[in-house]
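Reading through the structure tokens given below for one structure.
The values are calculated or read from the model by the stated rules, or taken from the named source; none is laboratory data. Keep in mind the model is a prediction, meaning the values are calculated, not measured. Ideal geometry is used to build each Cβ from the backbone, glycine not excepted, and the neighbour counts take in all protein chains shown.
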Amino acid sequence: MKMIFCALALMVSGGFAFAHGNHDSQKMAHLVFAGGALHAHLTWEKGPLVMEESVLLVQWMNGQTHTPTELPGNFEVSVVMPSMGHGSAPTQIQRVADEKGNPIPGAFEVSNIYFVMGGEWQVDFTVHFEEGSSETQSLPVKLDNDDQHLCQ
């Protein structure tokens, strides 16, 4: 849990550069929503792994200022394997708080992510905007059965 606070403290302070700088692209990703007005910065806290729980940290950012922002609605995350026509268990999303218990703006932890076999998966992020529209963006994940780690 301490690791979550440290990583999120960096995100909130602006020291989190994985979306635009030098980063391990297998551990970090950047999704764009609402025509660029909203970004999701994603970091694998654990995983992705085959047959073990993986955990993602999500920081919602204003697309123009690249500062943390509250999501204008809510979101859900699902794990699917398109080639096999199946998904995985429902994910769990919870707000991330600072060391004083205060919610960090736009920061969430997505847990209960299970990739039940190696292969090509996608993690779908669907944002349900307050005015009633929704948008889905996908994070591709390719896993190898043998070593239970992300393929190169």
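Brief remarks on what is shown
The rows are residues; the columns are (1) surrounded by 13 or more Cβ atoms within 10 Å (Cβ to Cβ); (2) at pLDDT 95 or above; (3) among the hydroxyl-bearing types (Ser, Thr, Tyr); (4) within 15 Å of TRP60 (Cβ to Cβ).
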residue: VAL80; (1), (2), (3), (4): yes, yes, no, no
residue: SER88; (1), (2), (3), (4): yes, no, yes, no
residue: ILE93; (1), (2), (3), (4): yes, yes, no, yes
residue: ILE104; (1), (2), (3), (4): yes, yes, no, yes
residue: ASN112; (1), (2), (3), (4): yes, yes, no, no
residue: HIS128; (1), (2), (3), (4): yes, yes, no, yes
residue: LEU143; (1), (2), (3), (4): yes, no, no, no
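- Residue selected from the stretch 26-55 under the condition assigned to a loop (DSSP other than H, G, I, E, B) and over 13 Å from the mean Cα position of the chain (by Cα), by the criterion farthest from PHE108 (Cα to Cα): MET51
- Pair list, Cβ < 7 Å and 6+ apart or interchain, from the stretch 69-97 residues that are farther than 29 Å from GLU131 by Cβ to residues that are among the aliphatic types (A, V, I, L, M) and surrounded by 17 or more Cβ atoms within 10 Å (Cβ to Cβ): SER88/VAL79
- Every listed requirement among (1) modelled with pLDDT under 95; (2) within 24 Å of GLU135 (Cβ to Cβ) is met by THR43 save one, (1).
- Scanning the stretch 114-126 for residues that are closer than 16 Å to LEU57 by Cα and touching a residue at least 60 places away in the same chain (Cβ under 8 Å) returns TYR114, VAL123, PHE125.
- Conditions (1) more than 18 Å from GLY119 (Cα to Cα); (2) touching a Lys or Arg at 6+ places or on another chain (Cβ under 7 Å); number of the one not met by SER54: (1)
- Members of the stretch 69-96 found to be among the hydrophobic types (A, V, I, L, M, F, W, C) and either in contact with an Asp or Glu (Cβ under 9 Å, 6 or more places away or on another chain) or closer than 23 Å to LYS27 by Cβ (or both), listed by number: LEU71, PHE75, VAL77, VAL79, VAL80, MET81, ALA89, ILE93, VAL96
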